[in-house]
Amino acid sequence: TLAHLQQRFFEHRNRGSLPEGTVDKLIVSPLLDLAGLYDSRFTIRTEALMEISLAQPDELLSGRIDTLILQEQFWILVIEAKNTTLSLSVAIPQALIYMMAAPQVVDTATFREPRPVFGLVTNGDEFRFIKLLKQSEPNSQFDLSDIFSLLPPQRSKLQQILQVLKQLSNSIA
């Protein structure tokens, strides 16, 4: 299945750049399905409007999260897809801003630490995961995964991307 997804993606990609909606349809959405993140225990929101107030009283940022996967009030995964011609560095700040807007949920397993919020940014050619641990501002911390590239001459990382997504799906009891 993964080989088929990759082949189909590159057949389209070889015709030229792909807009973010096409990246989502050809590669992101099928991966989410394979990972079980479209199962009924999750809620999926696409193009979810997000407004975030800045430190200045009259400043408001707004945007739309490409895909948001939730379980009840807990944000499982924020996905930001970009055109294949754009670098992931463009998507990371945008995804982090969205992730900062997530409600803070205490981990029911420990009843102490807040649960992290996870993000995925992609341009179809490359994927990168983000982990954000929200704490009282400005102490929030984030970490970035390595870049998972589908581009030759490297061996495709599609299997590893699916494994991370499955782990996110399975981590929610």
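With the requirement that a residue be open to solvent by 40 Å² or more (accessible area, probe 1.4 Å) and without any contact (Cβ under 8 Å) to a residue 60 or more places away in the chain, what does the stretch 79-100 give you?
Listed by number, the residues that qualify are L86, S87, S89, V90, P93, Q94, I97, M100.
What is the number of the single condition among (1) open to solvent by 10 Å² or more (accessible area, probe 1.4 Å); (2) at pLDDT 95 or above that E113 does not meet?
Result: E113 passes all but (2).
Taking the stretch 31-48 as the search range and keeping residues that are in contact with a helix residue (DSSP H, G or I) (Cβ under 9 Å, 6 or more places away or on another chain) and in a strand (DSSP E or B), which one is farthest from Q73 (Cα to Cα)?
It comes out as T46.
If you check L120, L34, L70, which single one turns out to be at pLDDT 85 or above, open to solvent by 60 Å² or more (accessible area, probe 1.4 Å) and closer than 25 Å to S145 by Cα?
Exactly one of L120, L34, L70 is at pLDDT 85 or above, open to solvent by 60 Å² or more (accessible area, probe 1.4 Å) and closer than 25 Å to S145 by Cα, namely L34.
Which residues, taken from the stretch 8-25, are open to solvent by less than 60 Å² (accessible area, probe 1.4 Å) and under 21 Å from V90 (Cα atoms)?
Passing the criteria: R13, G16, L18, G21, T22, V23, D24.
Suppose the filter is crowded, with 17+ Cβ neighbours inside 10 Å and either at pLDDT 90 or above or among the polar types (S, T, N, Q) (or both); does I76 pass it?
yes
State all residues of the stretch 82-103 that are at pLDDT below 90 and of a type in the set (V, I, T); if no residue qualifies, say none.
Residue satisfying the conditions is I97 alone.
Take the residues in the stretch 154-171 that are of a type outside the set (G, A, S) and free of Cβ contacts under 8 Å to residues at least 24 places away in the same chain; name whichever of them is most open to solvent (accessible area, probe 1.4 Å).
Top of the filtered list is R155.
The values are calculated or read from the model by the stated rules, or taken from the named source; none is laboratory data. As the structure is a computational prediction, the values presented were derived from the model and not from experiment. Using ideal geometry, Cβ is built from the backbone for each residue, glycine included, and neighbour counts are taken over all protein chains shown. Quick note on the areas: whole protein, heavy atoms, side chains included, nothing else; ligands and nucleic acids left out. Shrake-Rupley method; radii C 1.70, N 1.55, O 1.52, S 1.80 Å.
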